[in-house]
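This report concerns only the one structure given below.
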Amino acid sequence: MTKRHLIANFPFVDAFDAVRADLPGAPLDWLQAARRNALARFQDQALPNRRVEEWKYTDLGALAKTDFAAPYGPIGDALAARIGATGDPDAIRLVIANGRVDSALSNTAGLPTGAHLMPMSTALDTHSDVLKDHITRIAALDGNGLLALNAAFMMDGYVLVVDDAAVIDPTIEVIFAGDGGQGPVALHPRNVIIMGQDSAATIIETHLGDGVYWSNPLTDVVMGEGASLRRYKVLQDATDAFHLAHDQVSLASGAHYKGFIGAFSAKLARHTVAATINGADATFDVAGTYLLRGDQHNDITTVVDHAAAGSASKQIFKGVLDDASRGVFQGKVTVHKDAQKTDAHQLNNALLLSDKAEIDAKPELEIYADDVKCAHGATAGDLDENELFYLQARGIDAAEARRLLVSAFVKAALDEIDRDAERARFETLVDAWLERANG
Amino acid sequence: MADVSETETINQATTERYKYGFVTDIESDTAPKGLDESTIRFISAKKDEPEWLLEWRLKAFRMWQALDEEEPTWAKVSYPKIDFQDSYYYSAPKEKPLLESLDDVDPKLLETYTKLGIPLQEQKMLAGVAVDAVFDSVSVATTFKEELSKHGVIFCPISEAVQKHPELVKKYLGSVVPTADNFYATLNSAVFTDGSFVYIPEGVRCPMELSTYFRINAAETGQFERTLIIADKGSYVSYLEGCTAPMRDEHQLHAAVVELIALDDAEIKYSTVQNWYPGDENGKGGIYNFVTKRGACRGKNSKISWTQVETGSAITWKYPSCILQGDNSVGEFYSIAITNNYQQADTGTKMIHMGKNTKSRIISKGISAGHADSTYRGLVKVMPGATGARNFTQCDSLLIGDQCGAHTVPYIEVRNKTAQVEHEATTSKISDEQLLYCRQRGLSEEDATTLIVNGFCRQVLQELPMEFAVEAQKLVGISLEGSVG
């Protein structure tokens, strides 16, 4: 242990031997070995503290002090009812509750041919040969204690495999629920998305729950040549929840990834989106909005590696910070030596609505190729007085004028969502957030 | 391009001065190799310092020891570990052997001077030629000194200020860059040998650019330079440090500390042209320039403006910063950092907004060529009390060739909703269209590149005092020699 580590003694870590038989893929020897290695790595790495540059603005102290246990089994009825009311009830859906698939609430019957959707536990029973490579690769990621914990305690997440040339039109809905009703629990969902050549799919993930819980999802996305994936994430976690997500995306030539993150909740959330672009004409776009109040803390950290020539990436984030909330945006774009003709854009705009709110932004460029177009921008400030005055002069009251302007500000990010139904869903959530602000 | 080793030749010419003899025996004026408390006591005794300053140095030294040689590693630069016990920390200024005439000077060096447009008499000074009666530097310097003292301006070596103006030194030394600020500043606090001290009294507009004086009086400053500039209420001073002419120094590590203090309504303009030995085209040798520069706008309506043209040094690690304490105070940072061959530069600024209606502006132009790496690293911080703070930051990088790197690492921390903070950065190369346009009109590729780069840097060059702006423009071209074609 060095001074860069935050020491945490979580009960669920101590219970490793007791719980591992219940975790997915228990009969697989290689997986047991991988879990044990990962646990040893966590014990060595612990959690990153703020002396680690990437964690400068996000303090895991409160997380380290909470006694997280392994999940206590099924979720409460009220939470189950909320899951039922989320999204389109007729949609293809998979529900992961407290780290386990909830078959009663899931419905994958309407899945078109060419798409395979199942929980991690099922996938390990039937396709462990396919998953082995993915799981081993993720285990080798030189990351931090959070990745090691997910590798050691990997629970049910979703596995989506789309065959070559299969174009899946209906949106696939995945709902993650955490229930800390019987005490704080730690959840480590693992998702794997494998997009075949020229395949296409759309996923919307919703995260919600009750009480104190820590969700630590790790998503591994591998996109074949010409594949296209839209992945939307709705964060409606409980007010006292911790959400620390890591996405690892790899793109072959001609692949297109379009991600969106809507963060409306959780006590402390961090979304690390790491992408490696390995082929020409691939595009990696990620956009999002974070609307925070109270003492919420939301951190968006992107790491985009342009490792091949002729690719493009775009990032647009809009943050609205009220009360004593804090927003963090760390965006890093690296253009490797051979990645000529890279086109990378990155933008983070933050609106501060309160004197106690804080935004910390670190948009970073690391460029080793000369024939590139890279730009980033970051702004922070309050609403424009002139715009407010303009609206008020036309008979709109101050509160409504502010609501209109904030809504317009956020809309620039929502416009990145090119599917109407999903965009509408985010718009509803933004409106609901703004209603509360006025109330 | 055949001329790549020009800088090297120049530096060879400047380092080889001892082959002409005339070395005085100075052994007794040199502290033994290594660094411990006795070294500090030796330096302090040599300078006949008062007790409080010795204590101050020792305190810094103990802090530095406690850091256990853990140098900062966050900058994007790499170099072999420095052995701090393997160098000398004090040697009295050496007498330079004088040459008979300019005919004895390496023609390559003269060529560079001519390209920079340095006047003939100054060329002699810089090359170490005995200066004739027509241009007596001593008398010119005396005239300047009289003029300055007439206005009450104090401008002297800091060691002299310790003796003559202890109250000012005691009050302000270490008040902007605390002893424990960072590894190199702590080291400097323990072992600094000399540097400049400037005090501009209340309401005085310094009658001349302190650069003019400085250039003529360019004394050997040593590797641990300490500069302290205080602009009292309503005063103004413009200070230029460095020189466009290539400079060779026998110390590889330079760890200077510069502190600026601007009181109510005062303004300090600090310009730097840094052209130290960058190492040869294979990245061998060259100066490590690890400098802590910081200004405090203590008073209301005060202003501190940093302008820097960084073309030399193997490694540059410096972040001239402004602490905007006074209401309505203004901080500015204009920077050009050119890296070629294997040079590495990690430079930028910090603007800390504390007072109401404070404003800051950052314009940074990084140019990388050859195998060089250039990083802009900056912080804009708006504290909760800084109502109405305003910042604008623009960081542009230009890459010449596909073996170099350009990086931008801005930190933006805002804790006041009335703040307006804007940051934008771009990275690009010289476009083929621009080059074609120039070449169609008869410019060589190299001249065209220089012209375009100068255009790219214009916003910063125009902030320099006039005479240096002209030289700096030419320096841009010289620094990029060998990077195209």
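The values are calculated or read from the model by the stated rules, or taken from the named source; none is laboratory data. Everything numeric here is computed off the predicted structure, so don't read it as measured data. Here the Cβ is made from the backbone with ideal geometry for all residues, glycine too, and neighbour counts use every protein chain on show.
Select, from A:Ala139, A:Ala151, the only residue that is touching a Lys or Arg at 6+ places or on another chain (Cβ under 8 Å) and under 16 Å from A:Pro189 (Cα atoms). Talk me through it step by step, then tell me what you get.
Working: A:Ala139 fails: touching a Lys or Arg at 6+ places or on another chain (Cβ under 8 Å).
Going through A:Ala139, A:Ala151 in turn, the sole match is A:Ala151.
This table checks each residue for (1) under 23 Å from B:Val409 (Cβ atoms); (2) not acidic (Asp, Glu).
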| residue | (1), (2) |
| --- | --- |
| B:Trp276 | no, yes |
| B:Glu281 | no, no |
| B:Ile315 | yes, yes |
| B:Cys322 | yes, yes |
| B:Val330 | no, yes |
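Only one of B:Trp74, B:Trp52 is at pLDDT 85 or above and either among the hydrophobic types (A, V, I, L, M, F, W, C) or surrounded by 11 or more Cβ atoms within 10 Å (Cβ to Cβ) (or both). Can you tell me which?
The match here is B:Trp52.
Within the set of pairs 6+ apart or on separate chains, which have a first residue in segment A:44-65 that is within 12 Å of chain B (Cβ to nearest Cβ), a second that is surrounded by fewer than 14 Cβ atoms within 10 Å (Cβ to Cβ) and basic (Lys, Arg), and C-beta atoms under 7 Å apart?
From residues that are within 12 Å of chain B (Cβ to nearest Cβ), the pairs are A:Arg51/A:Lys3.
When only residues in segment A:226-274 that are aromatic (Phe, Trp, Tyr) and over 18 Å from A:His188 (Cα atoms) count, which is modelled with the lowest pLDDT?
Step by step, filter segment A:226-274, then rank; the result is A:Phe264.
Just to verify a result, which residue in segment B:314-348, among those that are of a type outside the set (A, V, I, L, M, F, W, C) and out of contact with any Lys or Arg (no Cβ under 9 Å at 6 or more places or on another chain), is farthest from B:Val382 (Cα to Cα)?
B:Asn341
Considering segment A:341-356 alone, what residues qualify as being more than 7 Å from every other protein chain (Cβ to nearest Cβ) and not small (Gly, Ala, Ser)?
A:Lys341, A:Thr342, A:Asp343, A:His345, A:Gln346, A:Leu347, A:Asn348, A:Asn349, A:Leu351, A:Lys356
Between B:Ala372, B:Ala345, B:Ala337, B:Ala314, which is out of contact with any strand residue (DSSP E or B) (no Cβ under 6 Å at 6 or more places or on another chain) and closer than 25 Å to B:Ala256 by Cα?
So the residue among B:Ala372, B:Ala345, B:Ala337, B:Ala314 that is out of contact with any strand residue (DSSP E or B) (no Cβ under 6 Å at 6 or more places or on another chain) and closer than 25 Å to B:Ala256 by Cα is B:Ala314.
Taking the criterion of being aliphatic (A, V, I, L, M), farther than 21 Å from A:Val13 by Cα and modelled with pLDDT of 95 or more, would at least one residue in segment A:147-159 satisfy it?
Checking segment A:147-159: at least one residue is aliphatic (A, V, I, L, M), farther than 21 Å from A:Val13 by Cα and modelled with pLDDT of 95 or more.
Across segment B:45-92, what is the number of residues that are under 25 Å from the mean Cα position of the chain (by Cα), assigned to a helix (DSSP H, G or I) and among the small types (Gly, Ala, Ser)?
Residues in segment B:45-92 being under 25 Å from the mean Cα position of the chain (by Cα), assigned to a helix (DSSP H, G or I) and among the small types (Gly, Ala, Ser): 1 in total.
Assuming B:Ile362 fulfils every condition listed in (1) within 26 Å of the chain's Cα centre (by Cα); (2) not in a strand (DSSP E or B) apart from one, which condition is it?
So the condition that B:Ile362 fails would be (2).
What is the number of the single condition among (1) under 14 Å from B:Ala345 (Cβ atoms); (2) of a type outside the set (Gly, Ala, Ser); (3) assigned to a strand (DSSP E or B); (4) more than 9 Å from chain A (Cβ to nearest Cβ) that B:His371 does not meet?
All conditions are met except number (3).
Can you tell me which residue among A:Ala312, A:Ala287, A:Ala252 is in contact with a Gly (Cβ under 9 Å, 6 or more places away or on another chain) and over 30 Å from A:Arg402 (Cβ atoms)?
Details: A:Ala312 fails: in contact with a Gly (Cβ under 9 Å, 6 or more places away or on another chain); A:Ala287 fails: over 30 Å from A:Arg402 (Cβ atoms).
Going through A:Ala312, A:Ala287, A:Ala252 in turn, the sole match is A:Ala252.
Sort out which residues of segment B:284-299 are out of contact with any Leu (no Cβ under 6 Å at 6 or more places or on another chain) and part of a strand (DSSP E or B), and write them in order of number. So that I can check it myself, show each step before the final result.
So the first thing to find is which residues in segment B:284-299 are out of contact with any Leu (no Cβ under 6 Å at 6 or more places or on another chain), and the list is B:284-287, B:289-294, B:296.
Answer for segment B:284-299, where residues must be out of contact with any Leu (no Cβ under 6 Å at 6 or more places or on another chain) and part of a strand (DSSP E or B): B:Asn289, B:Phe290, B:Val291, B:Thr292, B:Lys293, B:Arg294, B:Ala296.
Out of the residues in segment A:205-245 that are in contact with a helix residue (DSSP H, G or I) (Cβ under 6 Å, 6 or more places away or on another chain) and in a strand (DSSP E or B), which is farthest from A:Asp418 (Cα to Cα)?
A:Asp210
What pairs come out if I take residues in segment B:361-389 that are more than 12 Å from B:Val421 (Cβ to Cβ) and in contact (Cβ under 8 Å) with a residue 24 or more places away in the chain and pair them with residues that are of a type in the set (Asp, Glu) and in a loop (DSSP other than H, G, I, E, B) whose C-beta lies under 9 Å away, six or more apart or interchain?
Hits for this filter: B:Ile363/B:Glu463; B:Ser368/A:Asp370; B:Gly370/B:Glu281; B:Pro384/A:Asp355; B:Thr387/A:Asp355.
Output the residue which, of all residues in segment A:357-390 that are part of a loop (DSSP other than H, G, I, E, B) and touching a strand residue (DSSP E or B) at 6+ places or on another chain (Cβ under 9 Å), is farthest from the other protein chains (Cβ to nearest Cβ).
Once the filter is applied, the top-ranked residue is A:Leu383.
Is at least one residue of segment B:438-449 crowded, with 16+ Cβ neighbours inside 10 Å, within 14 Å of chain A (Cβ to nearest Cβ), assigned to a helix (DSSP H, G or I) and at pLDDT 85 or above?
Yes.
So that you can scan it fast, the table gives a plain yes or no per residue for (1) crowded, with 19+ Cβ neighbours inside 10 Å; (2) of a type in the set (Phe, Trp, Tyr):
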residue	(1), (2)
A:Leu347	yes, no
A:Tyr368	yes, yes
A:Glu385	no, no
A:Leu391	no, no
A:Glu427	no, no
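Of the residues B:Val176, B:Val131, B:Val138, which is modelled with pLDDT under 90, in a loop (DSSP other than H, G, I, E, B) and of a type in the set (Val, Ile, Thr)?
Numbers: B:Val176 fails: modelled with pLDDT under 90; B:Val138 fails: in a loop (DSSP other than H, G, I, E, B).
Sole residue among the options that is modelled with pLDDT under 90, in a loop (DSSP other than H, G, I, E, B) and of a type in the set (Val, Ile, Thr): B:Val131.
So which residues in segment A:1-51 are among the hydrophobic types (A, V, I, L, M, F, W, C) and in a loop (DSSP other than H, G, I, E, B)? Talk me through it step by step, then tell me what you get.
First, pick out the residues of segment A:1-51 that are among the hydrophobic types (A, V, I, L, M, F, W, C): A:1, A:6-8, A:10, A:12-13, A:15-16, A:18-19, A:21, A:23, A:26, A:28, A:30-31, A:33-34, A:38-40, A:42, A:46-47.
Matches in segment A:1-51: A:Met1, A:Ile7, A:Ala8, A:Phe10, A:Ala15, A:Leu23, A:Ala26, A:Leu28, A:Ala46.
For the structure I just gave you, tell me whether A:Gly114 is within 14 Å of A:Asp156 (Cα to Cα) and over 23 Å from the mean Cα position of the chain (by Cα).
no
Looking only at segment A:90-107, count how many residues are crowded, with 16+ Cβ neighbours inside 10 Å and part of a loop (DSSP other than H, G, I, E, B).
So the answer is 5.
Give me the residue from segment A:399-423 that is touching a Leu at 6+ places or on another chain (Cβ under 9 Å) and without any contact (Cβ under 8 Å) to a residue 60 or more places away in the chain and, out of that set, surrounded by the most Cβ atoms within 10 Å (Cβ to Cβ).
Ranking the candidates gives A:Arg402 first.
Listed here are the residues, each with its yes/no results for (1) more than 9 Å from every other protein chain (Cβ to nearest Cβ); (2) touching a strand residue (DSSP E or B) at 6+ places or on another chain (Cβ under 6 Å); (3) closer than 24 Å to B:Glu332 by Cβ; (4) not in a strand (DSSP E or B).
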position	(1), (2), (3), (4)
B:Gly378	yes, yes, yes, no
B:Gly388	yes, no, yes, yes
B:Thr418	no, no, yes, yes
B:Val421	no, yes, yes, no
B:Ser428	no, no, no, no
B:Leu435	yes, no, no, yes
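Give segment A:264-291 a look and list any residue that's without any contact (Cβ under 8 Å) to a residue 60 or more places away in the chain, part of a strand (DSSP E or B) and either surrounded by fewer than 21 Cβ atoms within 10 Å (Cβ to Cβ) or touching a helix residue (DSSP H, G or I) at 6+ places or on another chain (Cβ under 9 Å) (or both), or say none.
Selection gives A:Thr272, A:Ala274, A:Thr276, A:Thr283.
Which ones in segment A:209-243 are surrounded by fewer than 22 Cβ atoms within 10 Å (Cβ to Cβ) and hydrophobic (A, V, I, L, M, F, W, C)?
A:Val212, A:Val222
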